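Working notes for the structure below.
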């Protein structure tokens, strides 16, 4: 069972769209899931923790305007919007990696040009440039990394890790309670599969 491990702050990490979309379906109807609360409870801590965050332009363009504003506060500091335009259709090695990921059964989406594109571009970029961490809450991404040899050195950092970073950063009782609830709700698939512990405290090896 996976427990929280401290990722070095200076390790490069590339982040997928779905991380920033946590709770978005409830954002307009439940104030607990408002962007302001997400920003206060975990986004600021996670975005401030890492010193070298990469965000592929395809991912950035998938975000809504308000979430982009949160990201923009860190761009030029510890967040860089990256592109593979100079590699696409011109670098054979990059295209080999990109097509291998794009054509994987878990990524291939013949009826949609946009589905999974953020993940495909991000994973190809991470592999090509040797970025060791890819943050996503999509279990498919983890399976793809396990099944494609080129991605064996890319570690998928789940949402539970970002919640753990935010919890370790400290805060008041309300914040700690909110993070425990986010862990329980949005890490539920991994909890049910027995991949991670049932509670955030157990995951962090702390007392309740």
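Bear in mind that the values in this text are calculations on the coordinates, not laboratory data. None of the values given here were measured: they were computed from a predicted structure. Backbone-built Cβ (ideal geometry, glycine too); neighbour counts: all protein chains shown.
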Put a dot 7 Å past each Cα toward the Cβ at residue 168 and residue 61; how far apart are the dots in nm? 3.5
Go ahead and run the numbers for FRET between residue 89 and residue 36, Cβ-Cβ distance against an R0 of 35 Å, rounding to 0.05. 0.25
Stretch gain in nm, segment residue 29-residue 78, where the contour uses 0.36 nm per residue and the Cα spacing is subtracted: 14.4 nm
Could you state the angle between the C-alpha long axis of helix 159-168 and the longest principal axis of the C-alpha atoms of the chain, as a value from 0 to 90 degrees rounded to the nearest 10? 40
Likely footprinting exposure, 80, 93, fewest C-beta neighbours within 10 Å first: 93, 80
Quick calc, residue 3 & residue 68: beta-carbon distance into FRET formula, R0 25 Å, rounding 0.05, result 0.15
Determine, for 11, 122, the number of other Cβ atoms within 10 Å of each Cβ, and report the residues in order from fewest to most. 11, 122
For the chain, what is the calculated [θ] at 222 nm in deg cm²/dmol (nearest 500), taking -39500 (n - 2.57) for each run of four or more DSSP H residues and dividing by its residue count? -12000 deg cm²/dmol
I need 29, 199, 67 ordered by Cβ neighbour count within 10 Å, fewest first. 29, 199, 67
Quick check: the distance between the Cα centres of the stretch 161-193 and the stretch 39-54, to the nearest angstrom? 14
Take the alpha-carbon positions of the chain, form their convex hull, and give its projected area averaged over all directions (one quarter of the hull surface) in nm². 11.9
Rounded to one decimal in nm, the spacing of the 7 Å Cα→Cβ label points at residue 186 and residue 198 is 2.3
